[in-house]
Structures are given as structure tokens and as C-alpha cells.
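Readers should treat all values here as calculations from the given coordinates under stated rules, not as data from a laboratory. Fair warning: this is a prediction, and the values are worked out from it, not measured in the lab. Cβ atoms come from the backbone with ideal geometry, glycine included; neighbour counts cover every protein chain shown.
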Amino acid sequence: MTEKIRVVHYLNQFFAQVGGEEKADIGPGFKEGPTGPGRALQQALAEHGEVIATLFCGDNYFAEHAEEATEELLRQMARCKAHLLIAGPAFESGRYGVACGAICQAAHERLGIHAVAGMDEENAGAALYRKNVYIINSGDSVVRMLPALQRMVILGIKLVQGAPLGRPAEEGHIPRGIKRNAFAAKPPAERAVDMLLAKIRGEPFKSEIAAPQFHHIKPAAALRDLSSAVIALVTDGGLVPEGNPERMEPGRPTRFTTIPVEGLDRLDPKQFDIVHSGYDTAFANQDPHRLVPLDIMRELEQQGIIGKLHESIHATGGAHAAVENATRIGQGIAERLKSAGVTGVILTST
Amino acid sequence: MVQICTMIPVAKEVGSLRAMGSGGIVSPTGNPELTPEKEKEFRRDLVLRALQILKEDVRE
């Protein structure tokens, strides 16, 4: 007979029956055997495994002391000789979801314990940890506790046994963005035509490519008066000072550079370079104003048409930018500009 | 923010709400085929249009 899987279950203070929001400051704790939803977990595991222990931590404590809490919980897991960590499900509770993701990632990366978390796909923890952690999409309602735990167990057992996994939709987990080769019954051309015919007939079809999802952006209010506006120039076309001292990446950017231009009337081609792997930079290298219109902006400032040109240009090389990195770069630039009192931005893109 | 770019549908897709056409991929605020004087006029016109867009509300 095969050995039973030793399972530890992570819960927040509420589900571990320690207390509600008033106990959210409580530090990591340990109980023998299953607690609360752990009983449903044990039921789902049936003869395959045993809930050895319940680990828990207050939502606020984890949020404020993530490192200490993780260390203590890992110590307990190692002591239990756990094979599998089941965390949550946390449904739509953000702090709980983030804790579940963090503890699953740490357990797997540092102790080699297989881990499955459960939470709603909109939970902040899902956005943060879906790439590194198997997260079953539990939906947002506690009513779905049992089916969520059942799917977490099925996936957990497969992971422990090293069984092959199906596609995320089949396993019920949030896609981790991992690509795997697979054999298809039909060649791509036939599949594409099938999809097209289904689309024309108004029938459902499923694309084989997951399109990245973008969030709704609220438009900034219009500038009422240009003559008092502070305008900044930003580009994703790869402007750098001559010689690229910061070694900005020509593609797949992870950061941006800040180029001081106070007092400059023009961008001298001898003092600037263009570093970008996504387009022919010869024309912009000849005359950087083809990428960043500093000359015109300085004139408009002197003519009083705009209030002030911001003292720095922010630049990155936008070739093959991952949406996640691009978002972070954009937010970083926006924070700088906002704190500097900039009221408007012209972004030039190649 | 106003974005001077070539691939406006891509800009809109990622949530760039004030996007306008540029001088091209390799010269967003220029046109190498023009004389330097004409090119600067072209750039001035682009920038003024961009600033005008900043003054207008975005219809959602």
C-alpha cells in the first residue's frame, strides 16, 4: 500500500476558529489535525491522505510581518514532515489570499513541499502569485468551500504523485502562463479554419492563444490652461545619453532612465544615443528630435505657450516589453512626474 | 498624457486614451524626407496638436 500523503492546511484566524477581525493581529499558530474547513479537506482526501496539522495566522499579522510569519510557518511544516500544503481557500479575502500565495510559494521553493492555494481569480493574491503557485479558482463565495477543496485536493495529489497535469481550465487552476508542447489531432491550418467557420456560424470557439488582459484606465482630466502647465517628455523609443552609461536594455525593458535637460535648447546628436532593438534607429540617431521634440517644447516654453518644460526626459526601450514590466515602468515614471508637479505629458512611441 | 505613436489601436488596447498619429515608426516627431526647416515645422505642428488634445476631455 502506498504511503498516505501528509497534508498541512493553512487557514487565517477566522477559518481556524480563533476569532474574527479583532484577532487579525494574532501571530502564527499550530493545531494538531484538521480544524474548521479542514474537516471537509479530510473528507476530500479520503484514504489518499491525512490532515496532520492546521497552521494559521492572523490576516493583519501576516500582512505586516510576512517574513517572520513565513519563517515560523515553514518551521512548523518542516517539523510535520508535510508532503502537501493546502492553503485556504481564501475566496475574495485579499489579505488572506496574499498570505496563502506567499506561504505556498515559500513552502515549495524552500522546502520542496507541493502546494495548492485556493482563492477567487480577482483576489489580489492571485495577481501576485499565480505565476509561481498553483491557485485553484474558488470563486468569491464561501458556499463553494467543498467543491473548491475537492479540486485543490485532486490537483495536490497529482503534484505529489508527479502525475501529468491537464490544461489550467481542466485542472481548475488560474493559468500560470506556462507553455507546453502538445500534440493536436489536426494541423494548425485546419484548426484555424474550424475556428473561423464556427465564428461565422455564430458558434462558440476557443482561441488557442490567451490574449493579455488590460484593465480599464480612467482618463485624466483635460488641462484647462497650457500657459501654466508643466509638461514632461517621455519616450519608449530608447533615448539615452551618449555611450549608454546606465546600460539601458535595447529590448525587453525592465527599467527607465532619467535624462536631465534643464537649460538645453536642443538634443545634440553627439551627446545622445538611441538604444532600441525594435526599429531602425538611424534617423533618430541623426536627429534625436525625431524621437523627442525637445527643440519645439523649449521654444513653446520661451514663447509662453506652455508654462514650463519639465527638467528631465524619462525614457525606456519599449521593444518586446512584457505587459507586467511595462506597467511597472509606466507607474514608476508617473509617480516621479506627479511628485515633481508635472501636469501634462507627451509620450512619443516608435 | 497624450501619446504620439504609429500603432494607435495598440495604444488604445492598452488604455492609452489620448493617442494621435506620428511621423512614423522610425521618426515619431520627424520626417527625414523633408528639409530640416520643413521637418521642424512638421514637428511643431504635431506638438501643438498633441497639446491641444491635452486640453480636451476624453469621451469614454
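Structural remarks
- Gain upon complete extension [A:S339, A:E32; 0.36 nm per residue less C-alpha separation]: 105.4 nm
- Summed side-chain charge close to A:S277 - residues other than A:S277 whose Cβ falls under 13 Å, Lys, Arg +1, Asp, Glu -1: -2
- Each label was represented as a point 7 Å from its Cα along the Cα-to-Cβ direction; for A:S277 and A:R39 these points are 5.8 nm apart.
- Phi angles across region A:70-82 convert, under the Karplus curve 6.51 cos²θ - 1.76 cosθ + 1.60 with θ = phi - 60°, into 3J(HN,Hα) values of 4, 4, 5, 5, 5, 4, 5, 5, 5, 4, 6, 6, 6 Hz, Gly and Pro given as x.
- Chain A, relative contact order in percent, only Cα pairs under 8 angstrom and at least six apart counted: 13 percent
- The angle between the Cα long axis of helix B:36-54 and the longest principal axis of the Cα atoms of chain B comes to about 10 degrees, rounded to the nearest 10.
- Summary of the geometry: region A:59-76 and region B:1-27, compared by the centres of their Cα atoms, lie 45 Å apart.
- Estimated distance in nm for a label pair at A:R266 and B:E13, the labels positioned 7 Å out from Cα along Cα-to-Cβ: 3.9 nm
- Neighbourhood charge, 11 Å Cβ-Cβ cut-off, centred on A:A24 and excluding it, Lys, Arg +1 and Asp, Glu -1: -3
- Exposure proxy ranking, count of Cβ atoms within 10 Å, fewest first, for A:F272, A:F14, A:F183: A:F183, A:F14, A:F272
- Helix axis angle, A:145-161 relative to chain A longest principal axis, alpha carbon, degrees: 90 degrees
- Each residue, A:A163 and A:E246, gets one label point 7 Å from its Cα in the Cβ direction; the gap between the two is 5.1 nm.
- Listed residue pairs exceeding 23 Å between alpha carbons, taken from A:K308/A:K338; A:K179/A:K199; A:K338/B:K55; B:K12/B:K40; A:K218/A:K338; A:K270/A:K338: A:K179/A:K199; B:K12/B:K40; A:K270/A:K338
- Size descriptors for region A:256-350 (Cα atoms only): Rg and Dmax, in that order, 13.9, 40 Å.
- Peptide A:225-231, shielding by other chains (average Cβ, 10 Å cutoff): 2
- For region A:226-348: relative contact order, % (alpha-carbon pairs under 8 angstrom, 6 or more apart): 47 percent
- Difference of contour (0.36 nm per residue) and Cα-Cα distance, A:K179 to A:D194: 3.1 nm
- Taking a point 7 Å from the Cα of A:V142 along the Cα-to-Cβ direction, the residues of region A:92-112 with backbone N closer than 17 Å to it are A:92-97.
- Computed from backbone phi, the HN-Hα couplings of region B:4-20 come to 8, 8, 9, 8, 4, x, 5, 4, 5, 4, 8, x, 7, 8, 10, 10, 9 Hz, rounded to whole numbers (Karplus: 6.51 cos²θ - 1.76 cosθ + 1.60, θ = phi - 60°; Gly and Pro given as x).
- Principal-axis tilt of helix A:94-111 within chain A, Cα atoms, nearest 10 degrees: 80 degrees
- Restricting region A:172-273 to GluC sites (Glu not before Pro) that sit in a DSSP loop and have at most 12 other Cβ atoms within 10 Å of their own Cβ leaves A:E208, A:E242, A:E262.
- Taking a ≥ b ≥ c as the square roots of the eigenvalues of the Cα gyration tensor, an a/c ratio of 1.5 or more together with a/b no larger than b/c marks region A:195-315 as oblate.
- Segment A:E3-A:N325, length gained on full extension (0.36 nm per residue, minus Cα span): 111.5 nm
- Phi to ³J(HN,Hα) by Karplus 6.51 cos²θ - 1.76 cosθ + 1.60 over region A:129-139, Hz, x for Gly, Pro: 10, 4, 6, 10, 9, 6, 10, 6, 6, 7, x
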